[in-house]
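The values are calculated or read from the model by the stated rules, or taken from the named source; none is laboratory data. Just so it is clear, the structure is predicted and the values come from calculations on it, not from any experiment. Here the Cβ positions follow ideal geometry from the backbone for every residue, glycine too, while neighbour counts run over all protein chains shown.
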Amino acid sequence: MFSFTPTDSSAQTSPSQPPTEGEIVFIDRVQLNPTETGFEVLLLTPTGVAQQLRVVNVSEGNNFIADIPNAQLQQPFRQEKPVEGVSEVTATNQNENTVRLTVTGEEKQPMVELFDSEEGLIFSAQTDLEAPSAQGEDEIELVVTGEQETGYSVPDASTATKTDALIRDIPQSIQVIPRQVIEDQGITRISDVTRNVSSVSVRSGFGGSNNDYVIRGFETFDRLRNGFFAPGVDVNPSNIERVEVLKGPASVLYGQFEPGGIINFITKQPLERPYYAAEFEIGNYDFYKPSFDLSGPITSDNSLLYRLNVAYENSGSFVDFVDREEIQVSPTLTYKIGDSTDISLSYEFLKSDGTFYDGLPIDPVAFDLPRSRFLGEPDDSLQRESHLANLTLEHRFSDNWKLRSGFSLQFFNTKISAFRNEFDGVSPDGRTLLRYFQDSDQRNDAYSLQNDVIGKFKTGPIEHELLVGFEYQRYTSDDYTLYAFTEPIDIFDPNYGAPVPTSFDYGPFRNILRRETVGFYIQNLISFLPNLKLLIGGRYDFIDAQTVNQNFDLDGRTLLGEETKESFYDEAFSPRIGLVYQPIEPISLYASYSRSFVPSNTFDREGDLIEPTRGTQYEIGIKTEFLDGKLAATLAAYKITKTNVLTLDPDGSGFLIPVGEVESEGIELDVAGEPLPGWRIIASLFFNDTTVTEGDEFSPEGDTLVNAPGEGASLWTTYEIQEGDLQGLGFGIGLFYLGDREARLPNTFVLPSYVRTDAAIFYRRENWRVGLNFRNLFDKTYYEGSGIRPGDPFTVLGTISVQF
């Protein structure tokens, strides 16, 4: 039964009357309150705009369903069993401009009346129950929910398909870490986000400035930012909305990447309502970080939106002499041109200045050293500065077809002046570390242009979601470097003060890499039946590259001899095909095949360019929702074969040949969600075996790849008290386990396994939040890859934040 009794006729639309075009109204949050005869659902909007909402009745069966075709919901809402006779209430975004409210009756359709107010729309639901007496109120099962946040489980991700396809419809494992996890865990280094994802481990980045990753056993040094290639760029957590991890080959949409997977950092975007937030974090080792986040409309019609995110960080370290200073400024503008076209311009400036930290020597003797040991010189420095700009345009031709075009510019500079560890650095005496001095200035530029056409159509009863795209990418790396062997250091009794060299053993020399890539790709998500879907696609890449090498006199200006140039040209096709079958709604069974490639840029002894390294993956899995959709899980098994791995030519010529092969196979489980109101959980478990199947003396057959753990697991859970005097008080606990990892090839010693325990306590009151995060609660000594880097000891981080 459907009944409208609005206080203002402008809020009413007859079921047979089609809605008229108008401005989109932003619904800030959804609230459910008890009443004497049932409950009411409030769709809260900015003051005075509720009258603009139009409501269409599309109820059927036991479901009261109301569509609001000129609105957008900030966060989805779901409440089970609000009262007897009603099994569920949900509010979701049906598409980009339609919100759907559903009230599901257990035996029949609930009676719902509509009212409007200054706060928003009010849907009043009545049941057949008599009005409860004061004595009987406690016997009615009723949960009152305030503002709903994203939580830990996210239903969709753009990285896997470049569309808004649901994760459950994608035949490949993809995990999303939302903003809520970043805040609850008090993450100050973005790499810590990935500890929540199976088959992903942290590989400490160059000089301690950034972080790289090992995914399904393969090291990856490149990443995506909002879907664009972003090699080596530092990432500040303050401007990150969520992190998407696509496991397995990603070349079908993004070109040249390692077969283990890819990480896509999604930045914050402008909001249609005024939003002002400030946060201050402070911790031991002289860490402090103020930040603020501002957003909202610039014009009264919400056609021009902005967001500004600014953060400053200053910190010391548990390592002697190591400190860091960083500033990040990220403005974004979005302009809505009518109802069908949006333009967005974003920019990020990031500058860091700190100590170059090379870790401990790759030798078992490192385990005898204190975590605080620094083996460079106190004045070692690493300076990085990056400028990133993105311009995107989206035009909707209709409800089913749209064009998306994006252009990305990235400029980043790195300056190094540091005494560094030699790879085979520890002398036979077991205490003398050989070192060299490096002075370099590196500049990297990346330009990307992407154009996608996305359309939905039918051929008879078969539904299609088609993506056709083109990408042009230009990447330039310019590295001016000089090296000198310098004074060694006693690792057990270091004596600092080695002079900066005035003469050099190598350099100055300059290496320039220019690479242009043109890629064409096509993808079709075909729904033969509502529960049977086929994803098929492929990308063809054309890569044109050139390297230039120059040697200079010690004045750094006079060119010695002629520069040498080498040109490379490669082509590669990367396919993907996968099938998803859903025997019942909450379960998806899938299987997929995909390939990847990475150009070699290397010639063999005959002068022929070596074919790209190829990765081939077979994956099967199950994606499911249980506890009535409150928890989502993915169980996957995979096998990846990486071929054309370069090994040394056995003829002794010093050239390389593509005969190496590596296999990675494993099984992994990821779970995330909110089992009960206020209780959130995200967990993972994996087993992996990454083995050299064809190698040489430097990568012997049967050895395990460096930094590829055989197993790992994580568990992070929080609970926030929902009612009573302690409402808003919350607690969190986390366990992060990583198994043994080989420290080098050939395998000679391992980095030992470890379990790190984290904890949190927080209190949320209205728009204020205070919290304490405890990292490595039991002060466990552990090591991360890329050399030997001790992990953080016991660390305390305090946070206070406010939002308006």
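The table for this structure:
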quantity	calculated
Strands (runs of 3 or more DSSP E) within the range 152-217 that include 1 or more residues closer than 23 Å to residue 679 by Cβ and either of a type in the set (Gly, Ala, Ser) or in contact with a Lys or Arg (Cβ under 6 Å, 6 or more places away or on another chain) (or both)	174-178
Test: residue in the range 330-341 that is modelled with pLDDT of 95 or more, surrounded by 16 or more Cβ atoms within 10 Å (Cβ to Cβ) and either touching a helix residue (DSSP H, G or I) at 6+ places or on another chain (Cβ under 6 Å) or not in a strand (DSSP E or B) (or both)	yes
Subset of the range 213-227 [touching a helix residue (DSSP H, G or I) at 6+ places or on another chain (Cβ under 9 Å) and within 9 Å of residue 264 (Cβ to Cβ)]	224, 227
Candidate set: the range 495-515, residues that are surrounded by 16 or more Cβ atoms within 10 Å (Cβ to Cβ) and within 40 Å of the chain's Cα centre (by Cα); chosen: the one nearest to residue 453 (Cα to Cα)	515
Tally, over the range 65-104, of residues that are among the small types (Gly, Ala, Ser), surrounded by fewer than 21 Cβ atoms within 10 Å (Cβ to Cβ) and in contact (Cβ under 8 Å) with a residue 40 or more places away in the chain	1
Criterion violated by residue 638 - all others in (1) under 24 Å from residue 530 (Cα atoms); (2) under 23 Å from the mean Cα position of the chain (by Cα) satisfied	(1)
Complete set of residues in the range 342-360 that are under 24 Å from residue 238 (Cβ atoms), of a type in the set (A, V, I, L, M, F, W, C) and either surrounded by fewer than 21 Cβ atoms within 10 Å (Cβ to Cβ) or not assigned by TED's automatic domain parsing to the domain that holds residue 415 (or both)	345, 349
Yes/no for residue 762 being among the hydrophobic types (A, V, I, L, M, F, W, C), assigned to a strand (DSSP E or B) and more than 20 Å from residue 684 (Cβ to Cβ)	yes
Which listed residue is of a type in the set (Gly, Ala, Ser), in contact (Cβ under 8 Å) with a residue 40 or more places away in the chain and either in the same structural domain as residue 172 (by TED's automatic domain parsing) or more than 30 Å from residue 223 (Cβ to Cβ) (or both), from 497, 519	497
Failed item, numbered, when residue 223 is tested on (1) modelled with pLDDT of 85 or more; (2) under 19 Å from residue 742 (Cα atoms); (3) among the basic types (Lys, Arg)	(2)
Selected residue (only one of 258, 183 is at pLDDT 90 or above and either among the small types (Gly, Ala, Ser) or under 26 Å from residue 416 (Cβ atoms) (or both))	258
The listed residue being more than 24 Å from residue 526 (Cα to Cα) and touching a Ser or Thr at 6+ places or on another chain (Cβ under 9 Å), out of 642, 623	642
Of all residues making up the range 229-262, the number that are surrounded by 24 or more Cβ atoms within 10 Å (Cβ to Cβ), of a type in the set (A, V, I, L, M, F, W, C) and not in a loop (DSSP other than H, G, I, E, B)	7
Odd one out for residue 761 among (1) β-branched (Val, Ile, Thr); (2) crowded, with 17+ Cβ neighbours inside 10 Å; (3) under 27 Å from the mean Cα position of the chain (by Cα)	(2)
Number of positions in the range 336-383 that are hydroxyl-bearing (Ser, Thr, Tyr) and under 30 Å from residue 394 (Cα atoms)	5
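Each row is one residue, and each column tells you yes or no for (1) outside any strand (DSSP E or B); (2) outside the structural domain of residue 351 (by TED's automatic domain parsing); (3) surrounded by 16 or more Cβ atoms within 10 Å (Cβ to Cβ).
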residue: 394; (1), (2), (3): no, no, yes
residue: 428; (1), (2), (3): yes, no, no
residue: 434; (1), (2), (3): no, no, yes
residue: 439; (1), (2), (3): no, no, yes
residue: 448; (1), (2), (3): no, no, yes
residue: 451; (1), (2), (3): no, no, no
residue: 470; (1), (2), (3): no, no, no
